[in-house]
1. When all protein chains stay in place, what accessible area (Å², nearest 10, 1.4 Å probe) is found for residue 69?
2. Please give the solvent-accessible surface of residue 63 in Å², to the nearest 10, using a probe radius of 1.4 Å with every protein chain present.
3. Semi-axes, largest first, in whole Å: what does sqrt of 5 times each Cα gyration tensor eigenvalue give for the chain?
4. For the ranges 99-106, 77-84, what's the packing order if you count other beta-carbon atoms within 10 Å of each residue, average per peptide, and put the highest first?
5. Please name which of 89, 35, 4 has its Cα lying farthest along the dipole of the chain towards the positive end, using unit charges on Cβ (Lys, Arg +1; Asp, Glu -1) and the Cα centre as origin.
6. Compute, for the chain, the length of the dipole vector about the Cα centre, with Cβ point charges of +1 (Lys, Arg) and -1 (Asp, Glu) only. Units Debye, rounded to 20.
7. To the nearest 20 debye, what charge dipole does the range 1-72 have about its Cα centre, counting +1 at the Cβ of each Lys and Arg and -1 at the Cβ of each Asp and Glu?
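The values are calculated or read from the model by the stated rules, or taken from the named source; none is laboratory data. Model, not experiment: these values are computed from the prediction. Cβ: placed from backbone, ideal geometry, glycine included. Neighbour counts: every protein chain shown. Heavy atoms of the whole protein, side chains included, go into the accessibility calculation; ligands, DNA and RNA do not. Shrake-Rupley method; radii C 1.70, N 1.55, O 1.52, S 1.80 Å.
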Amino acid sequence: MAGNITFSIIKPYAAKMGLIGPILALINEAGFKISAIKSEKLTFEQAEEFYNIHKSKPFYNDLVEFMSSGPIVAMILKKENAVEDFRELIGNTDPSKAEKGTIREKFADSLQKNAVHGSDCDENAIIESDFFFAKKERF
Ligand code: CMP
């Protein structure tokens, strides 16, 4: 059975470009409830740990540098079938392949500066949520 939470990050470039409000509006309109939210700047080491799953990839170092380059917004989002519905809302990882109307099609700059992260499965949604949020920060 599909879980009812997903985890998302508004990435540094989108945050810097003033897109936090417009992205949150689309998330809200799509029926997601914000269960937890915070803004913080990751250290290089924290970004390394968060993206450990991509450690062997050629883009890993650039990804970690980028994700620790400025403030991000981390959130836990609630909705039935959250992981799948959120991935549909954000569109393809590569914005040039993202469907019209998706968050990445509207707001992403490139594959690296692709505006938002969304969990790829229920298990990772839980792992990623736990990485950022204590129980008392969730509602
Ligand atoms: P995200 O959903 O945050 O998960 C891992 C990130 O790595 C992904 O979004 C992209 O920003 C980035 N990424 C994935 N594939 C590539 C690639 N081929 N080159 C550069 N960055 C990539």
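1. Roll a 1.4 Å probe over it and residue 69 shows about 70 Å².
2. Around 20 Å² of this residue is reachable by solvent.
3. The equivalent ellipsoid of the chain has semi-axes of 20, 18, 15 Å.
4. Result, highest mean first: 77-84, 99-106.
5. 35
6. Values: 18 positive and 21 negative charges, 85 e Å.
The calculated dipole for the chain is roughly 400 debye.
7. Computed charge dipole of the range 1-72: roughly 160 debye.
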